[in-house]
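Let me begin by presenting the structure, written as structure tokens, before commenting on it.
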Amino acid sequence: VQLQASGGGMVQPGGSLTISCETSGFDFSGKIMAWFRQPPHKPREWIAHITTAGNTFYADSVKGRFTVSRDNARRTVYLRMDSLRPEDTAVYYCAKAAGLGVDYWGQGTQVTVSS
């Protein structure tokens, strides 16, 4: 199983960025996929997930600004981030859900929101 996140970078406040996570080694279309993030000096936190049916769920901190989507043919999950704020600065991780938890993590991609 591999999850490869990419697309992070630096963006100004109010800007947008889309990060992606390419996967291999498991039945992608049959799994819930999630995004987490870890701000500097803080614990990792869940921010969004998407079900096999395409239903999406978000943490209050990102609801209305972030959009999670998936492309089963490409085995890829995306996170579009709009109206970015300095407090969104974090390492972002994609994850493969298993039951109520996570069994595989991507390597993380850094997103920095700064002027």
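For the range 56-75, give me each residue that is open to solvent by 60 Å² or more (accessible area, probe 1.4 Å) and under 19 Å from residue 101 (Cβ atoms).
57
For residue 78, only one of the following conditions fails: (1) within 21 Å of residue 1 (Cα to Cα); (2) in contact (Cβ under 8 Å) with a residue 40 or more places away in the chain; (3) open to solvent by less than 40 Å² (accessible area, probe 1.4 Å). What is its number?
(3) is the only condition that residue 78 fails.
How many residues does the range 15-41 hold that are part of a loop (DSSP other than H, G, I, E, B) and farther than 12 Å from residue 88 by Cα?
6
In the set 68, 111, which member is within 22 Å of residue 9 (Cα to Cα) and either in contact with a helix residue (DSSP H, G or I) (Cβ under 9 Å, 6 or more places away or on another chain) or acidic (Asp, Glu) (or both)?
Values: 68 fails: either in contact with a helix residue (DSSP H, G or I) (Cβ under 9 Å, 6 or more places away or on another chain) or acidic (Asp, Glu) (or both).
The unique qualifying residue is 111.
Among the residues that make up the range 51-63, is at least one of them small (Gly, Ala, Ser) and outside any loop (DSSP other than H, G, I, E, B)?
No, the range 51-63 contains no residue that is small (Gly, Ala, Ser) and outside any loop (DSSP other than H, G, I, E, B).
Only one of these conditions is not met by residue 104: (1) of a type in the set (Ser, Thr, Tyr); (2) more than 14 Å from residue 5 (Cα to Cα); (3) open to solvent by 70 Å² or more (accessible area, probe 1.4 Å). Which number is it?
That leaves (2) as the condition not met.
Take residue 44 and decide whether it is touching a helix residue (DSSP H, G or I) at 6+ places or on another chain (Cβ under 6 Å) and of a type outside the set (A, V, I, L, M).
Details: touching a helix residue (DSSP H, G or I) at 6+ places or on another chain (Cβ under 6 Å): no; of a type outside the set (A, V, I, L, M): yes.
Against the criterion (touching a helix residue (DSSP H, G or I) at 6+ places or on another chain (Cβ under 6 Å) and of a type outside the set (A, V, I, L, M)), residue 44 does not qualify.
Please specify each residue of the range 1-55 satisfying the condition of being open to solvent by 70 Å² or more (accessible area, probe 1.4 Å) and of a type in the set (Asp, Glu).
22, 27
Which of the numbered conditions does residue 111 fail, given that it passes all the others? Conditions: (1) part of a strand (DSSP E or B); (2) over 19 Å from residue 40 (Cα atoms); (3) open to solvent by less than 70 Å² (accessible area, probe 1.4 Å).
(2)
The values are calculated or read from the model by the stated rules, or taken from the named source; none is laboratory data. Every value quoted in this text rests on a predicted model; they were computed, and no experiment measured them. Neighbour counts run over all protein chains shown; Cβ positions are idealised from the backbone, glycine included. To get the accessible areas, we keep the full protein, side chains included, count just its heavy atoms, and leave off ligands, DNA and RNA. Shrake-Rupley method; radii C 1.70, N 1.55, O 1.52, S 1.80 Å.
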